[in-house]
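Notes to accompany the following structure.
The values are calculated or read from the model by the stated rules, or taken from the named source; none is laboratory data. Quick caveat, the model's predicted, so the values are computed rather than measured. Here the Cβ is made from the backbone with ideal geometry for all residues, glycine too, and neighbour counts use every protein chain on show.
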Amino acid sequence: MKSKGLIAVAGPLLAALLASAAVALRARTIAPGGDESIVQAIPDDAFYYLVLAKHFAASGTWTFDGVHPATGFHVLWAYLLAAFYRVWPEATLLRAFVFGSAVASFCHGVAAFTVASRLSRVVPSLAALTATILVFCVGNIPATGAFCMETPLLLLAAALTCASLISDAPVTRASAALLLVLGAVGSFCRTDYVVLPAAFAIAQALLVRPRSWRAMMSTRGAICLEGAWVGLMLLAVHTYTISGAIVQSSASTKMRWSSILGHDLQPALYALGRVLDTKLTPRPVTTGIVLAGVCACLAFWLARKDRRRMQLAIAGALSGVAYLLVYAHNSAAMQPWYATSFAVPLLMLLAVVLASVPRGSSIVFLAAIALAGTSQLTRQDHALWPHQRAPMLGGQVLGQAQFPERTGAWNAGVLSYFSGGRIVNLDGLVNDTVLEYARRNELLAYIAREHIERIADFGVMIDDRMARRLGGYDSPMADDCIAKVGQLDKKYELRWIDSEYGIYDVNLECLKAALDATALSSTK
């Protein structure tokens, strides 16, 4: 009994320490390499955030290039970064990376403590602790924490949601207000957060007794879901005040890409598999997917006689399936950090499964500790984006030369950060004025209208037919009026999709003449 009491008290603290240390360890291995190491270890999207936050801190306007409005960001992380740059306007990339990693380490630690302590009220403490360590310390979740993205905030919001919604305490006015706030803040962390409270709301509606409409709408899950919807409505207002639209341009752009390429479940399954990807098996992602599926099936069977565990099984499985379906419709833009959305749902399923092995729970716990340590200490894949050194060099060249011409790019994050934050984003993720042109296959008309005389990007963005179709510039004019004039480096590791990074000149006179000829022929 004493050992169980010790685990109940010390277990959550151990989970918090390990989860926080896993993120800090990864950041510690990246930071000493300076800008070049950081550029290879965090995604181009992270630099979108940094440039947006710098502009907002300086001018109070959400813009990526200093001119056009941008809404392609998750607001809580963006405003935190803006506050950071408000305090340290001249902060280096290293300082921004350390700030992001510190926030992530804190969020992961608090999230792990929260779920490990609250789940122990539903399953044995050792099962809750083991499940938490497996999810937070074994797979790719620590890596996502060091990406300087919004996902640590989402992870913390999901953990707090799980802890708040599994409680059997009566719902008071105060607790209802807190649940509403939690739901709204969760949506501010990431818009697809709404999936988790929705899954809990359905699970609790199915299990509530006596079942009535009023009882189903008064559950903790339903109240938190209402808060999440309020948060989404506030986000729509926020987007409207920036760009005049209620849907973020980035979301519309990604949906358009997926509709052209075809919605695909495979990238979403890959993200799910990354949660338990140990890198210790021949096919680690496949192993993670299989483990997640087995856990879901076992959880339903093992929880059939326990209402509270069945709630975890239903909510975990429903939210996991819902995220798969949501991301299948965003398959063209799936990214490694999307795995974070599956973390808490999978953790709930694991906790239910591990609760059924009380005799071997100590062995499983020790195995989880060993697996976590081995997995994290043997990971050497910090440079996930080595090709991003090319746009870093490109940004430095453009910044030092102080070219007067306007420059555009599709992969614009790193380039813009190192060139002074004036690059015009051409894919619409952080430029809300592009989308309508791309939809009409008239991006070249946009380039002419904005007097963009230079493009810096990988050759695939100019030469590949599908890239042109996705971007809305599938026209012979691209061949006739855009010419490569410079190449930064021929090193193989700087190539992306087997193409080199180059500087391209846009002949605006050629482009305008071709556009006029096209307009004239269409009127005849």
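Does segment 219-248 hold any residues that are in a loop (DSSP other than H, G, I, E, B) and either among the aliphatic types (A, V, I, L, M) or closer than 22 Å to Ala313 by Cβ (or both), and which are they? Before the answer, list the steps.
The first filter runs over segment 219-248 and keeps only residues in a loop (DSSP other than H, G, I, E, B), leaving 219, 244-248.
Hits for segment 219-248 are Thr219, Ala245, Ile246, Val247.
Could you tell me whether segment 190-207 includes any residue that is farther than 23 Å from Asp45 by Cβ, of a type in the set (S, T, N, Q) and buried (at least 21 other Cβ atoms within 10 Å of the Cβ)?
The first filter runs over segment 190-207 and keeps only residues farther than 23 Å from Asp45 by Cβ, leaving 197-207.
The next check asks that each one be of a type in the set (S, T, N, Q); those that pass are 204.
Still in the running and buried (at least 21 other Cβ atoms within 10 Å of the Cβ): 204.
Yes, segment 190-207 contains at least one residue that is farther than 23 Å from Asp45 by Cβ, of a type in the set (S, T, N, Q) and buried (at least 21 other Cβ atoms within 10 Å of the Cβ).
Would you mind stating whether Ala96 is at pLDDT 95 or above, crowded, with 20+ Cβ neighbours inside 10 Å and assigned by TED's automatic domain parsing to the domain that holds Ala22? Outline the logic, then answer.
Numbers: at pLDDT 95 or above: yes; crowded, with 20+ Cβ neighbours inside 10 Å: yes; assigned by TED's automatic domain parsing to the domain that holds Ala22: yes.
Yes, satisfied.
Among the residues of segment 394-406, is there at least one that is within 20 Å of the chain's Cα centre (by Cα) and of a type outside the set (Asp, Glu)? Talk me through it step by step, then tell me what you get.
At the first step, the residues of segment 394-406 found to be within 20 Å of the chain's Cα centre (by Cα) are none.
The answer is no; no qualifying residue exists.
Would you call Ala91 assigned to a loop (DSSP other than H, G, I, E, B) and among the small types (Gly, Ala, Ser)? Outline the logic, then answer.
Numbers: assigned to a loop (DSSP other than H, G, I, E, B): yes; among the small types (Gly, Ala, Ser): yes.
Considered against the rule, which asks whether it is assigned to a loop (DSSP other than H, G, I, E, B) and among the small types (Gly, Ala, Ser), Ala91 comes out as yes.
Taking the stated definitions as given, is Ala478 exposed (fewer than 15 other Cβ atoms within 10 Å of the Cβ) and on the phi < 0 side of the Ramachandran plot?
Numbers: exposed (fewer than 15 other Cβ atoms within 10 Å of the Cβ): no; on the phi < 0 side of the Ramachandran plot: yes.
No: the conditions fail for Ala478.
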**Request:** Check segment 344-356 and report whether any residue there is modelled with pLDDT under 90, outside any helix (DSSP H, G or I), crowded, with 17+ Cβ neighbours inside 10 Å and not assigned by TED's automatic domain parsing to the domain that holds Gly262.
**Result:** no
**Message:** Let me confirm something: among Ser212, Ser175, which residue is farther than 13 Å from Cys224 by Cα, of a type in the set (Ser, Thr, Tyr) and surrounded by fewer than 22 Cβ atoms within 10 Å (Cβ to Cβ)?
**Reply:** Ser212
**Message:** Go through (1) out of contact with any Asp or Glu (no Cβ under 9 Å at 6 or more places or on another chain); (2) on the phi < 0 side of the Ramachandran plot; (3) not β-branched (Val, Ile, Thr) for Gly262 and report which single condition fails.
**Reply:** (2)
**Request:** Select the helices (runs of 4 or more DSSP H) contained entirely in segment 393-458, then report the ones holding at least 2 residues which are surrounded by fewer than 24 Cβ atoms within 10 Å (Cβ to Cβ).
**Result:** 435-439, 443-449
